[in-house]
Every structure is written in C-alpha cells, then in structure tokens.
Amino acid sequence: MTSKSPVVLTIAGFDPSGGAGIIADVRTIVEFGCRPVAAMTSLTFQNAAGVFGATHETAKSLRAQIVPVMQEHEIAAVKVGMLPIAELVSEVATFVRENRLPAPVVDPVLRSSSGYELMESDAVEVFVRELLPHARLLTPNIPEAESLTEVEICDEQDMRRAAAKLREMGARAVLIKGGHAQQRAEGRGQKAEGREATDLLDDEGELRILRGQWIEAPPVRGTGCMLSSAIAASLAHGADLITAVNAAKKYVAAEIQNSN
Ligand code: PLP
C-alpha cells in the first residue's frame, strides 16, 4: 500500500473478535494493495461461539463518519456490509443516489451463521427499495438470496431464477454464492469429496457459472465480508467485474485453505 493506492471505503459492522465485519474487510483491502477507510454501522458483541448483541449507529453518526473521510480521500470503490436498521440503509442509499459515493459492492448481511438477526425486517424492505437498485453488485449467499426473493434454492436452475428475480427487483449485477448448497448436501448425508462450490454471476443479464473445488475445512467466519471487500478492491484497481469476482474467489479460497 502506498499513498497512491486506491482508497476503498467499507461501511460495515465492527466485530471485535476480528472474524467478520470491518477487521476482515480492512485486512482484505490491504492484501489487495488498496488503502482502507471505514465507517462503522454497528458495534457488535461476538466471538466464534456466536453474536451476543450490538449497539447501532444512527444515520447522523454514520454520515458524520463518512463525510470527513470523503473530503480527505477520493473513494475509488465502496463495500457495504451490515446495515441493521432502516435509517442506516436509507443514509447509505442517499450517498450513492446523489453520486457522492461510487456504486457499492453490497453484501446483504441478514443474519450470522449462528442465527442472530443482523438486519431488522423493516430495514430489509428499505434495502430492497432504496439500496439494491444502486449497487454495482449484490453478493447474497443462498439463504440471503432466498430471503430476498422468496425463491427456494436447491440447484443451479433455482440460483438462475433467484438471480433473475433480484435483477427484476432492480439489481444491476448479482453474485449468488453457492457455498451453503454444500452445507445442505452435507445435511442430507452426502460426502464433500469431489463436490464443487458453484457461484452464479448475473451481470446485466450475462450469466456465468463459476465452478470451484469445494475445500474441506472447518467453517471460516467472515468469508462473505472478505469476498465483497476483495471485489471492491479489485474494482478500485480498474478491473472489470468478472476479473474482480474471480480474483476475489481465489483469495477467499486461499484463506479457507490456510485456515486448515
Ligand atoms: N458480524 C458482522 C459485523 C458481519 O458483517 C457479519 C457478516 O457479514 C457477521 C457478523 C456474520 O458473520 P458469520 O456469517 O461469519 O457469522
């Protein structure tokens, strides 16, 4: 990272244990040779065992974080993570709609792996209405894509249907991450060997199936945070979307591999 490195802003939750949220984002942004700046939406209380609570920022305190950073830096790309309450969703959407921030890579953080709700239901409604149409890319996992679209996802065809629905809802591009399909298969007693982790990218109607080898490893926290930050950092360097997504997938796969 140098003073010439592109600046990437993460607007996300703070996980003091470092597994997810801003710490995971900042680590990734630095790994991709960009300069991280951050605005915190929520201070969460958690560790690998679960999420125990959170205190949220307000629209005013979020704006008060972002504005001085924008005044000092030219923001090359933005990643948006946890937006727990409606007023925070609206605030971020306003910055983007008014072209004060670039169209962000948006990771819809609805609940933690342990099942704790990280976005209130009225915030989800505002998210769909106000932010989704202004994202450069939306990166839901399978449960998040199901919640947002009400399409049940069991196979690749369902992933296509859910992506098409998210695009009808106004998203410019959607990356549905297939990792949870593997957990479901395991729930049905299938072995992981030889299986794939398949993601689907729908970029303005251009579809790509991204097949990757399933990596046998204990669950790694924050993979969604890392992936969306890595995509934003690659876009900040001027990569096109598919190149950015592939570079990000490679990075996260290596992180999962190294966690073994
Ligand atoms: N906490 C924060 C601040 C997050 O941003 C996220 C996910 O993006 C989580 C918790 C959930 O992480 P996990 O799915 O690894 O439990």
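The values are calculated or read from the model by the stated rules, or taken from the named source; none is laboratory data. In this text, all values refer to a predicted model and were calculated from it rather than measured experimentally. In this analysis, Cβ positions are derived from the backbone assuming ideal geometry, glycine residues included, and neighbour counts consider all displayed protein chains.
So that you can scan it fast, the table gives a plain yes or no per residue for (1) within 15 Å of the ligand (Cβ to nearest atom); (2) within 26 Å of residue 158 (Cα to Cα):
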{"position": "82", "(1), (2)": "yes, yes"}
{"position": "102", "(1), (2)": "no, no"}
{"position": "123", "(1), (2)": "yes, yes"}
{"position": "137", "(1), (2)": "no, yes"}
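Restricting attention to the stretch 21-43, does a residue exist that is within 30 Å of residue 254 (Cβ to Cβ) and modelled with pLDDT under 95?
The first filter runs over the stretch 21-43 and keeps only residues within 30 Å of residue 254 (Cβ to Cβ), leaving 21-43.
Adding the requirement that they be modelled with pLDDT under 95 leaves none.
No, the stretch 21-43 contains no residue that is within 30 Å of residue 254 (Cβ to Cβ) and modelled with pLDDT under 95.
Can you name every residue in the stretch 71-85 that is among the acidic types (Asp, Glu) and not in a loop (DSSP other than H, G, I, E, B)?
Within the stretch 71-85, the first condition is being among the acidic types (Asp, Glu), and the residues that meet it are 72, 74.
Answer for the stretch 71-85, where residues must be among the acidic types (Asp, Glu) and not in a loop (DSSP other than H, G, I, E, B): just 72.
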Restricted to the stretch 106-121, and to residues that are assigned to a loop (DSSP other than H, G, I, E, B) and either acidic (Asp, Glu) or farther than 20 Å from residue 40 by Cα (or both), which residue is farthest from the ligand (Cβ to nearest atom)?
120
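Checking the condition closer than 22 Å to residue 172 by Cβ, polar (S, T, N, Q) and not in a loop (DSSP other than H, G, I, E, B), which residue from 55, 10, 28 passes?
On the way: 55 fails: closer than 22 Å to residue 172 by Cβ; 28 fails: closer than 22 Å to residue 172 by Cβ.
Among 55, 10, 28, only 10 is closer than 22 Å to residue 172 by Cβ, polar (S, T, N, Q) and not in a loop (DSSP other than H, G, I, E, B).
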Pairs with Cβ under 7 Å, 6+ apart, first in the stretch 150-170 and touching a residue at least 40 places away in the same chain (Cβ under 8 Å), second of a type in the set (S, T, N, Q) and surrounded by 17 or more Cβ atoms within 10 Å (Cβ to Cβ):
156/198
In the stretch 6-51, which residue that is among the charged types (D, E, K, R) and within 9 Å of the ligand (Cβ to nearest atom) is farthest from the chain's Cα centre (by Cα)?
15
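Do we have residue 131 as part of a helix (DSSP H, G or I), closer than 23 Å to residue 8 by Cα and at pLDDT 95 or above here? Show your work before the answer.
Values: part of a helix (DSSP H, G or I): yes; closer than 23 Å to residue 8 by Cα: yes; at pLDDT 95 or above: yes.
Judged against the criteria, residue 131 is a match.
Considering 62, 88, which residue is part of a helix (DSSP H, G or I), of a type in the set (A, V, I, L, M), in contact with a His (Cβ under 8 Å, 6 or more places away or on another chain) and under 21 Å from residue 108 (Cβ atoms)? Don't jump to the end; show me each part of the working.
Numbers: 62 fails: in contact with a His (Cβ under 8 Å, 6 or more places away or on another chain).
Just one listed residue meets the conditions, 88.
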Residue 153 versus (1) within 15 Å of the ligand (Cβ to nearest atom); (2) under 25 Å from residue 218 (Cβ atoms): which is the lone unmet condition?
(1)
